[in-house]
Amino acid sequence: RLVSVLELFYTSVSRESLSIASVTVQAFTGTYGINYGRIANNILSPDDVVTLLRAAKIKNVRIYDFDHSVLKAFSGTGLELVVGLPNENLRDVSANADHAMNWVKDNVLAYLPDTHIRGIAIGNEVLGTSEEFSGFLLGAVKNVYNALDKLKLSHLVQITTAHSQAVFDDSFPPSSCVFKDNVVQYMKPLLEFFSQIGSPFCLNAYPFLAYMYNKDQIDINYALFLPTKGADDPKTKLHYDNLLDAQIDAAYAALEDAGYGKMEVIVTETGWASHGDENEAAATANNARTYNYNLRKRLAKMKGTPLRPKSVLKVYVFAIFNENLKPGPTSERNFGLFKPDGSISYDIGFHGFKSSSADSPLLSLKEIRASSWSGSYSIILTMATALLLVL
């Protein structure tokens, strides 16, 4: 009888929590998040990553796939997760609504409400670089959203897709920015659908890359949030003291030109490499520390950009780890705030993971979960006992 009452209570609590969440939860709470890339063979386990993130008090986390070991590790942690539908899955999900429904059931519904999945990123940087997946993006977005809607999850889990700056033309000054002609045919209907369901425009914005490609035109201090004369937009008369704000306002200008000026822009990736090839002289640990430290200070001010001063900026920094298996130049493998063992790459205020219990200030994951379960069990047992007394 006690077991039955416990089961009834737990089911009731879960359903009530899910109902409340469907009204109030957004994909991104606060201002600071992080990308959890895993193209590596030497990084910490998902359980240890959870311990690391909780110690750093980073709540918003974005992954690029739907790996079940990660979804299980995040269960019961309170961390808020955006999962990814990789580009290679877009064709099947776009072509088949049943396939989309099964994907949502297997990789989202099955883990709710214990794993706080708050968003699904449909593809990554699909438009503007290659035509391979462009034609499947909107169909995949709609099918996944419709699946969520049928499962009564569309107000709990937000649908987005992240764009690189390759979708833009003439991004400086910010007010001149528009979407490229070859992108518009895909972007316009996508923006229309996102405006209907209340999704933001997600941008991967890298002052590091902009500086690397335009060293003669861009002051590195402007890219690193350091004191500089900045830049003025002759059309809006707005002054910019850092490059990231200018990149974001360029996105707002392109959205306004397309007819969607009220859509929020969220930065889903930004960061600075701490090591690079010989031709990547700006990729240093000192520059990476400066950028990421100043970015944290910038976000802590809870303010918007010059063009949207009331829209508090939200950013996912890239990334937790250096990823040793990523292709491309050396810089691609050195964006991590932490080294593969969880020690810090450089100091911006976070404490690294230490494996030795003697000198570690961090609780182990088992200790955290045991503590959480102990408290939850006591509450459930107390409520169950009270229920029994009145039956």
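Here, each number is a calculation from the coordinates, and none is a lab measurement. All of these numbers come straight from a predicted model, not from anything done at the bench. In this analysis, Cβ positions are derived from the backbone assuming ideal geometry, glycine residues included, and neighbour counts consider all displayed protein chains.
For region 286-332, just the Cα atoms, rotate onto the principal axes and tell me the three extents in Å, largest first.
Largest first, region 286-332 extends 40, 20, 16 Å along its Cα principal axes.
Enumerate the amide H contacts of I159 below 5 Å, restricted to partners 5 or more residues apart or on another chain; note that Pro and chain-start residues carry no placed amide H.
Amide H neighbours of I159, under 5 Å, 5+ apart: I120.
Excluding L81 itself, what net charge comes from residues whose Cβ is under 14 Å from its Cβ, given Lys and Arg +1 and Asp and Glu -1?
Its environment carries a net charge of +2.
Compute the projected area of the convex hull of the Cα atoms of region 32-338, averaged over all viewing directions, and report it in nm² to one decimal place.
15.2
Given the C-alpha centroids of region 98-157 and region 200-228, what is the distance between them in whole angstrom?
Region 98-157 and region 200-228 have Cα centres spaced 31 Å from each other.
Take the alpha carbon gyration tensor of region 109-159, find the square roots of its eigenvalues, order them as a ≥ b ≥ c, and report rounded if a/c is under 1.5; if not, report prolate when a/b exceeds b/c, else oblate.
Prolate, since a/c reaches 1.5 and a/b exceeds b/c.
Please turn the phi angles of region 326-336 into ³J(HN,Hα) values with the Karplus equation 6.51 cos²θ - 1.76 cosθ + 1.60 (θ = phi - 60°), one per residue in order, whole Hz, x for glycine and proline.
Per residue, the Karplus-derived 3J(HN,Hα) values read 6, x, x, x, 4, 4, 4, 9, 9, 9, x Hz.
Considering amide H positions built from the backbone, and no H for Pro or chain starts, which residues 5 or more places from T268, or on another chain, come under 5 Å of its amide H?
L203, N204, A205, Y316
What does DSSP give for region 32-338 in terms of the percent of beta bridges that are antiparallel, rounded to the nearest 5?
Around 10 percent of the beta bridges assigned by DSSP in region 32-338 are antiparallel ones.
What nm distance separates the two modelled labels at E332 and S69, each placed 7 Å from Cα along Cα→Cβ?
It is 2.3 nm.
Can you tell me the relative contact order of region 32-338? Whole percent, Cα pairs under 8 Å, sequence separation 6 or more.
Taking the mean separation of contacting Cα pairs over the length of region 32-338, I get 18 percent.
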